[in-house]
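Okay, so here's the structure we're looking at.
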Amino acid sequence: MSINLAVFASGAGSNAEKIIDYFNHHQSKKNIRVTLIVCNKPGAGVLNIAGNNNIPSVLIEKERFFRGDGYVPVLKAAKIEVVILAGFLWKVPTALVHAYNGKILNIHPALLPKYGGKGMYGNFVHEAVIAAGDAESGITIHVVDEQYDHGHHIFQAFCPVLPGDTPASLAARIHTLEHANYPRVIEEFINHEIED
Ligand code: GRF
């Protein structure tokens, strides 16, 4: 018995790499493995990470993703049980949400419900947190539904926003929180929510 994960990413893939490493070096109760990388950006760093780990990757196109089958047949053919979004910038289409209902997780680099929604990604989020003068930020891991950054929260972690912080320095602190927590939270979610 193993649980195959597909990790969706659009950028550097540092979270994807931590998740791959975690399950490669950590004996999970349900033998969880990242067996597919899905990307929507040619040349994205995450594609190199897939290659370095001998994990097949799929470069997806907008037309099929949004107006076709959402690549569900590709995921099913790869025996994917759970979908992990890690810096994936496209909204998940209904076909995919329905096919993997309650089995898609996303990580957002802020304390939802604040600073979420369309256009709120990467440095735009950190700029908004700093501009608002918030003393605290953090990460939110949630189950994905048909709205941006909206589904049920399963985990949040917090960090300070320090005087003189820039979007880059806050982003670095947030990345540390993400890398330290996302793999473990995925494992706990699967152990509790995904049938054997
Ligand atoms: C992460 O901060 C994630 O929360 C956000 O996009 C960033 C992706 O970083 N949605 P990486 O590609 O995993 O390095």
Of residues in segment 143-159 being in a loop (DSSP other than H, G, I, E, B) and touching a strand residue (DSSP E or B) at 6+ places or on another chain (Cβ under 6 Å), the one nearest to the ligand (Cβ to nearest atom): 149
Inter-residue pairs, beta-carbon under 7 Å, first without any contact (Cβ under 8 Å) to a residue 24 or more places away in the chain and in segment 15-43, second open to solvent by 10 Å² or more (accessible area, probe 1.4 Å), 6+ apart: 42/59
Residue pairs meeting the criteria (Cβ under 6 Å; at least 6 apart or on separate chains; first open to solvent by 70 Å² or more (accessible area, probe 1.4 Å), in segment 61-77; second part of a helix (DSSP H, G or I) and at pLDDT below 95): none
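Kindly indicate whether any position in segment 160-174 is closer than 22 Å to residue 22 by Cβ, assigned to a helix (DSSP H, G or I) and in contact with a helix residue (DSSP H, G or I) (Cβ under 6 Å, 6 or more places away or on another chain). Before the answer, list the steps.
Within segment 160-174, the subset closer than 22 Å to residue 22 by Cβ is 171-174.
Okay, now just the ones that are also assigned to a helix (DSSP H, G or I), so 171-174.
Next cut, in contact with a helix residue (DSSP H, G or I) (Cβ under 6 Å, 6 or more places away or on another chain) only: 171.
Yes: segment 160-174 contains one or more residues that are closer than 22 Å to residue 22 by Cβ, assigned to a helix (DSSP H, G or I) and in contact with a helix residue (DSSP H, G or I) (Cβ under 6 Å, 6 or more places away or on another chain).
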Residue 16, sole failed condition from (1) of a type outside the set (Lys, Arg); (2) within 16 Å of the ligand (Cβ to nearest atom); (3) in a loop (DSSP other than H, G, I, E, B): (3)
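The values are calculated or read from the model by the stated rules, or taken from the named source; none is laboratory data. The structure displayed is predicted, hence computed values, not measured ones. FYI the Cβ positions are ideal-geometry reconstructions off the backbone, even for glycines, and counts take in every protein chain you see. Calculation scope for accessible area: heavy atoms of the full protein, side chains included, ligands and nucleic acids excluded. Shrake-Rupley method; radii C 1.70, N 1.55, O 1.52, S 1.80 Å.
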